[in-house]
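Quick one: the structure is below, questions incoming.
We did not get these values from a lab; they are worked out from the coordinates using the rules stated. Everything numeric in this text was worked out from a predicted model, so none of it was measured. FYI the Cβ positions are ideal-geometry reconstructions off the backbone, even for glycines, and counts take in every protein chain you see.
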């Protein structure tokens, strides 16, 4: 049974760290505008997304976007303490890769944390093992995570909780990056496995 979708909270597609409060209606408009600009094709120009990163994988090795050339990437930003949207979307990615069968070997799912303070390589290593096959977890310094988020136009921010802890507000798209490293498209939260598989099959033929 799938978990209920988390409310999508894209504050500003042009600025990752914009702190202004945007009314829900404004958020909906921004999401509509975002998807209007995201189309299949090797332009790599979707709202300025360049898909670059320089991070550390869940085995402690330094990696960059160039290390994944030659494969399609499914990229999701989240954090291991996320109660709903992250496990739901990561399971969707895992199910899609499995459903692709042999063609899934050319698709690499990637999970980039927006909470590097808690999500060390060791923490990510145990977490991504819950979502086979081949999910790679990436972390880094706060500066590296911020740079990767800017590259993908991902919104995130820390949200303090009443008990003194915190959660992370973040956008919830699954990004598709082509084998040449260029942005192709993005799937909205709660997109079905069937839809993702059908879209990827057309590109993998």
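Sorted by mean Cβ packing within 10 Å, highest first, what order do the peptides 72-79, 172-179, 151-158, 117-124 take?
72-79, 172-179, 151-158, 117-124
Can you compute the FRET efficiency between residue 161 and residue 122 using 1/(1 + (r/R0)^6), with r the Cβ-Cβ distance and R0 = 25 Å? Round to the nearest 0.05.
0.55
What are the principal axis extents of the Cα atoms in the stretch 59-112, in Å, biggest first?
Result, largest extent first: 33, 30, 15 Å.
While we're on this one: For residue 98 and residue 59, what does the FRET efficiency come to when R0 = 25 Å and r is the distance between their Cβ atoms, rounded to the nearest 0.05?
Taking R0 as 25 Å, the efficiency between residue 98 and residue 59 is 0.65.
While we're on this one: Bin by bin, in steps of 10 Å, what percent of the Cα pairs in the stretch 24-204 do you find, going until the bin that has the longest distance?
Binned Cα distances yield the sequence 10, 39, 39, 11, 1.
For residue 143 paired with residue 202, estimate the spin-label separation in nm (one decimal), with each label point 7 Å from Cα along the Cα-to-Cβ line.
4.2 nm
Can you give the relative contact order of the stretch 24-204 as a percent, counting alpha carbon pairs under 8 Å and 6+ residues apart?
Across the stretch 24-204, relative contact order equals 32 percent.
Then there is this: Counting DSSP beta bridges in the stretch 24-204, what percent are antiparallel, to the nearest 5?
65 percent
Now for a separate question. Could you work out the equivalent-ellipsoid semi-axes for the stretch 124-205, taking the square root of 5 times each eigenvalue of the Cα gyration tensor, largest first, in whole Å?
Equivalent ellipsoid semi-axes, largest first: 27, 16, 15 Å.
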